[in-house]
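The values are calculated or read from the model by the stated rules, or taken from the named source; none is laboratory data. Everything numeric in this text was worked out from a predicted model, so none of it was measured. Positions of Cβ are backbone-derived with ideal geometry, glycine not excepted, and every protein chain shown enters the neighbour counts. With ligands, DNA and RNA removed, areas are computed over all heavy atoms of the protein, side chains included. Shrake-Rupley method; radii C 1.70, N 1.55, O 1.52, S 1.80 Å.
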Amino acid sequence: MFRHLAPFFFAVGLWLITLGATAQADAFLGSMSPAALVRGGTTRVTLSGSELGRGLDLWTSAPAGSIEAKLVEQSQDKQLTFDVTVTDRCPVGLYGLRLASTHGLSNTIIVLVDELVPRVVAPVNNAAPLAVTLPVSLAGTLRPTELDRFAFDVRAGETISFECVSSRLGKDADPIIRLRDPQGRVIVEHDNDPGLFFDFRFAHTFATAGRYSAEVFDARFHGDPEWNYVLRMGRFPAARVVVPSSAQPGQSVLLQLPELPGVALPVSIDPTTTLGRTYQTLQRDDDQAPSWTPVLITNAPSTVEVEPNDTFEQATAAKPGDMLCGVLGRSNDIDHFAFELKKGDRVELRAESATLDSAADIELAVIGPDGKETQRIDDVLLEEAFLLLNANRDGVWRVLVHDVTRGGGPAYAYRIETRRAGPAISVQADIPDVTLPQNETQSLPLIVTRTEYTGPIKLSLPGAPPGVTLEPNEIAEGQTKLHARLRADSSAPLGVFSIQVQATGSVPAKGDAAEYTISTIARTQPLIDRERYNVDLIKYFLRENQRRLPPSLTNQIALQIAPPTPFSVELPQPEVTLVRYLSIDVPIQTTRVTGFKSPITFKARGGQLGEEREIRRQIYTRFQPAGPEQLNVAGKFLSRNLPNEAKDRIDLFATAIDGDRKVTLVRSFDLELKAGFDVVAEPKPVSVLPGEKVKFELVATRLPPFTGAITVEQSDQPNQGPPAGITLPEKVVIPAGKDRVEVELSVAADVKPGRLRVRLESRAPVGEFLEEPRPKDVEIEVKKPDVKPAEAKK
């Protein structure tokens, strides 16, 4: 559901915290022209950007060894030309690409690998349409208020497929196509196809022969030099989804194309295929070019819905551990799956549709053996539907799958991953690319999500070249965050690599269950395109095409091994506490080789940090550079007036120029923002008899450098002050430099025994602002008086 609302939220300027966004480097790779590479051949491409450095190589997320690049020409640090060769081993589809230069790895752009040779077209607006022969791949740029026109010949009754890849490249483009007949009349105007962001893939059958024309432009008449497009025209499957969308290594499977009635393609999965998300090429015998669709290679079996299955009695039988695959073929379609479960069984169900290029927005519902609905779930924030089925009785439990808007059609495919609930781990690598000099380290922070598992987690680096290690290589028991580092020794080979972080835990034996391992590959979320800010410098929410990336981009880390650097940097304090409204100096230690004189500059990102000019960001920094005469410096972190108490990871970037290269080292530490003081009552509770007075203490805990006086008052909120019969001073001051004061409490004789609370609010000037920590309660225990034997007899 949120997927359909995202463009609206972006348009009205809703700002939210971005998910998985990483720091954007000064160097910026804006685009590649053409935006497509031919499989089985060599394509000459031009990369454009700013501060790119001297080009060395290209990194891609395609299978290892399937793409090679050779630098041909470079124009300063803004434009580079490469010859890129793609082997037949690389599946057709979308991949990430980075420039590896003397400055390190650039940001990621998305490119297409295709079997059609891309033809770069110059702007042809207000000119005769450019004549082309089908099939064709045309690589152009969407320009403001302008369009590109192409002419092509067709036979009567011929069906031609049209596809534009532009929005899927991660830019803010919205391409549209308009087809005109030989007389210039508009016969088709096609905008985006849901599931492909704002791109399209469709087919049209031409009734009469002749020369037709196609016009391509941005639907809003916007444009940008970085808004590249690839227009594919010819005979290829105009299908976005397949059923089933998952397969096992070594399996032969018949893929149904719901959008093409009666079309099914046999596919054999290589037994050596790596588990995970990938692309499957789709091509019929008489097609001129292929299409592609996302699929999942998994050890889990696929269970495909069998129509009719629109009622409880018609439910398709399934087992926990199956991949449930199907398509909601019409409006209001509901697919039913049946699970035979025992009391105490727990089954996780996770829906996927967006990752399949599907138009569906899945809602799941669970019906118990008694026919009553027990659960219903749609999207969870930006994640697709997920629920945990807890069987509280034996019997047949049914899972209902439908579109939350009650839509349907041949493109409304889905996949539901099911598994028996139990121990599991997931890991997020917050830095998706690392430029690692030999004999150096770089920060690689990891965030762990644990499900029913608290044990240690071992870490390994599949794909890492010799000489590259991870420190430490284990996440301690119960730990959920790790400031790990990648290290390269002198033997690490120079070049670009794709590595993964594999996390493995060992679940101990329990009862009849033997010991077993759980494992996962760390996920990454590289930033595509730029982060956008409004006039108040508040970050916009990321577009969907910046969040939902090609599958190969989210399970590996780009690594460039670089020559040794002439300096290093360390942070002696792994954790720093900043008092709200004040500032703190964070020490930075640098070392450098003899003769290296360039200044080392610093910047920090993460948490609530912003630039000093960004009035609404809550913490800003000031750094002085380190030089040969001043190796050790400090970065000043300053708190504004409305920061939140929180503990966040901060990444420090230390940069220096070494000849023609810009070297940046990254170090991470935790910055905890806390109030400058806290006040509690001791003892807890304060015990007193009715009709008595008692003294207790208000104890202040101050964080340096705050030492000021603290005023403590009774809360004026309803039902928060002293109950009837309880008397406390309305105001108490804890003097500067003192950590406690004594307070007298009196209780009236008619107060009944029991537990009572009085809320106290404390405040003190800290820096330029008035600090008011969260109120604390004085817990009072009014005890029952001891009764003498004579009184008890009466």
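Any idea what the dipole of segment 553-605 comes to, in debye rounded to 20, about its Cα centre with Lys/Arg Cβ at +1 and Asp/Glu Cβ at -1?
200 debye
Determine the sum of side-chain charges near PHE677: Lys and Arg each +1, Asp and Glu each -1, restricted to other residues whose C-beta is under 9 angstrom from that of PHE677.
-1
Roughly how far apart, in whole Å, are the Cα centres of segment 66-130 and segment 418-442?
28 Å
I need the GluC sites (Glu not before Pro) found in segment 608-650, filtered to DSSP loop residues with at most 14 other beta carbons within 10 Å of theirs.
GLU611, GLU612, GLU629, GLU645
Per-residue ellipticity at 222 nm for the chain, helices alone: DSSP H runs ≥ 4 residues times -39500 (n - 2.57), over residue total, nearest 500 deg cm²/dmol?
Rounded to the nearest 500, the figure is -500 deg cm²/dmol.
Check each of the chymotrypsin sites (Phe, Trp or Tyr not before Pro) in segment 565-653 and keep only those in coil by DSSP with at most 16 other C-beta atoms within 10 angstrom; list them in order.
PHE596
At 7 Å along the Cα-to-beta-carbon direction for both GLU471 and HIS190, put a label point, then send me their distance in nm to one decimal.
Modelled inter-label distance: 5.6 nm.
Note the full-extension length gain between GLU383 and ALA207 as 0.36 nm times their separation in residues minus their Cα-Cα distance, in nm to one decimal.
59.0 nm
Which order do peptides 159-169, 486-496, 757-767 fall in by mean Cβ count within 10 Å, highest first?
Result, highest mean first: 159-169, 757-767, 486-496.
Based on the Kirkwood radius over alpha-carbon pairs, what is the Stokes-Einstein translational diffusion coefficient of segment 141-289 at 37 °C with 0.692 mPa s viscosity, in µm²/s?
192 µm²/s
Go through 469-480, 215-226, 406-417 and give me the packing order, highest mean Cβ count within 10 Å leading.
Descending packing order for the listed peptides: 406-417, 215-226, 469-480.
How many Å² of accessible area per residue for the chain, probe 1.4 Å?
Each residue of the chain exposes 45 Å² on average to a 1.4 Å probe.
At 0.36 nm per residue, minus the direct Cα-Cα distance, what do ASP181 and ASN392 gain on full extension? Give it in nm, one decimal, please.
69.6 nm
Using a 7 Å offset from the Cα along the Cα-to-Cβ direction at both LYS784 and ARG530, what is the distance between the two label points in nm, to one decimal?
The modelled label-to-label distance comes out at 7.3 nm.
Assign unit charges at the C-beta atoms only (+1 for Lys and Arg, -1 for Asp and Glu), then state the dipole size of segment 572-633 relative to its Cα centre in Debye, rounded to the nearest 20.
180 debye
Around GLY407, which amide H atoms from residues at least 5 apart in sequence, or from another chain, sit under 5 Å from its own amide H, with H modelled in the peptide plane?
When sequence neighbours closer than 5 places are left aside, the close amide H contacts are ASN332.
Using the structure shown, select from LYS343/LYS647; LYS731/LYS784; LYS70/LYS539; LYS539/LYS636; LYS343/LYS481 the pairs with a Cα to Cα distance greater than 31 angstrom.
With Cα atoms farther than 31 Å apart: LYS343/LYS647; LYS70/LYS539; LYS343/LYS481.
Ignoring ligands, DNA and RNA, what percent of the 1.4 Å accessible area of segment 419-482 is carbon and sulfur?
Ligands and nucleic acids excluded, carbon and sulfur reach 51 percent.
Taking the Cα centre of segment 249-379 as the origin and placing charges on Cβ (Lys, Arg +1; Asp, Glu -1), which of ALA338, PRO266, ALA315 is farthest toward the positive end of the dipole?
ALA338
Give me the net charge of PRO572's neighbourhood, meaning all other residues with Cβ under 13 Å from the Cβ of PRO572; Lys, Arg count +1, Asp, Glu -1.
Local charge sum for PRO572: -2.
Considering the dipole of segment 449-539 built from charges on the beta carbon (Lys and Arg +1, Asp and Glu -1) around the Cα centre, which of LEU494, LEU527, GLY455 is farthest to its positive end?
Comparing the listed Cα positions along the dipole, LEU527 ranks first.
What list of ³J(HN,Hα) couplings, whole Hz, do you get for segment 760-776 from phi and the Karplus terms 6.51, -1.76, 1.60, once you set θ to phi - 60° and write x for glycine and proline?
10, 10, 10, 7, 6, x, 10, x, 9, 10, 9, 8, 9, x, 4, x, 10
Taking amide H positions as placed in the peptide plane 1.01 Å from N, state which residues far from TYR229 in sequence (5 or more) or on other chains have amide H under 5 Å from it.
GLY140, THR141, LEU142
What angle do you read, to the nearest 10 degrees and between 0 and 90, between the alpha-carbon axis of helix 2-11 and the longest principal axis of the chain?
90 degrees
Would you tally the net charge around ARG98, using a Cβ to Cβ cut-off of less than 13 Å, leaving ARG98 out, and scoring K and R as +1, D and E as -1?
So the environment of ARG98 carries a net charge of -2.
Among the trypsin sites (Lys or Arg not before Pro) in segment 89-120, which ones are in a DSSP loop with at most 15 other Cβ atoms within 10 Å of the Cβ? Mind listing them?
Those that pass, being in a loop and sparsely packed, are ARG89.
Between ASP648 and PHE312, what length in nm is gained on full extension when 0.36 nm per residue of separation is reduced by their alpha carbon distance?
Result: 116.1 nm gained on full extension.
What residue among PHE677, HIS204, GLY725 has its Cα farthest toward the positive end of the dipole of the chain, where the charges are +1 on Lys, Arg and -1 on Asp, Glu, each on the Cβ?
Selected residue: GLY725.
Can you list the residues, at least 5 places off or on another chain, whose amide H is less than 5 Å from the amide H of ASN107, using H built in the peptide plane?
For ASN107, whose amide H was placed from the backbone, the distant partners under 5 Å are LEU29.
Work out from phi, with θ = phi - 60° and the Karplus expression 6.51 cos²θ - 1.76 cosθ + 1.60, the ³J(HN,Hα) of each residue of segment 597-613, listed in order in whole Hz, and give x for Gly and Pro.
Ordered by residue, 3J(HN,Hα) equals 10, 5, x, 9, 9, 9, 8, 10, 9, x, x, 9, 6, x, 7, 4, 6 Hz.
Placing one identical point scatterer on every Cα of segment 670-778 and ignoring solvent, what is log10 I(q)/I(0) from the Debye formula at q = 0.09, 0.22 Å⁻¹?
For the requested q values the scattering log ratios are -0.26, -1.20.
How long are the semi-axes of the equivalent ellipsoid of segment 308-365, taking √(5λ) for every eigenvalue λ of the Cα gyration tensor, in whole Å from largest down?
Rounded to whole Å, the semi-axes are 21, 16, 9.
Quote the charge dipole size of segment 101-235 about the Cα centre in Debye, to the nearest 20; the model charges only the Cβ of Lys and Arg (+1) and of Asp and Glu (-1).
Once rounded to the nearest 20, the dipole reads 340 debye.
Please work out the Cα center distance from segment 264-306 to segment 491-507, rounded to the nearest Å.
The distance from the Cα centre of segment 264-306 to that of segment 491-507 comes to 27 Å.
Bin all alpha-carbon pair distances of segment 289-418 at 10 Å intervals from 0 and give each bin's fraction as a whole percent.
Going out from 0 Å in 10 Å bins, segment 289-418 shows 13, 46, 33, 6, 1, 0 percent.
Spelling out what I want: for every residue of segment 297-303, take phi, set θ = phi - 60°, compute 6.51 cos²θ - 1.76 cosθ + 1.60 (Karplus), and round to whole Hz; glycine and proline get x.
9, 8, 7, 7, x, 9, 10
Apply the a/c threshold of 1.5 to the C-alpha gyration tensor of segment 233-351 and tell me whether it is rounded, prolate or oblate.
oblate
For segment 485-561, what size does the Cα cloud have along each of its three principal axes, sorted from largest down, in whole Å?
Reported extents, whole Å, longest axis first: 61, 40, 23.
Quick one: if the Förster radius is 35 Å, what FRET efficiency do ASP489 and THR42 give, using the C-beta to C-beta distance and rounding to 0.05?
0.50
Within the accessible area of segment 637-678, what % is carbon and sulfur when the probe is 1.4 Å and the other protein chains stay in place?
C and S atoms contribute 45 percent here.
Mind jotting down the distance between the C-alpha centroids of segment 25-45 and segment 580-643, whole Å?
Distance between centres, Cα-based: 36 Å.
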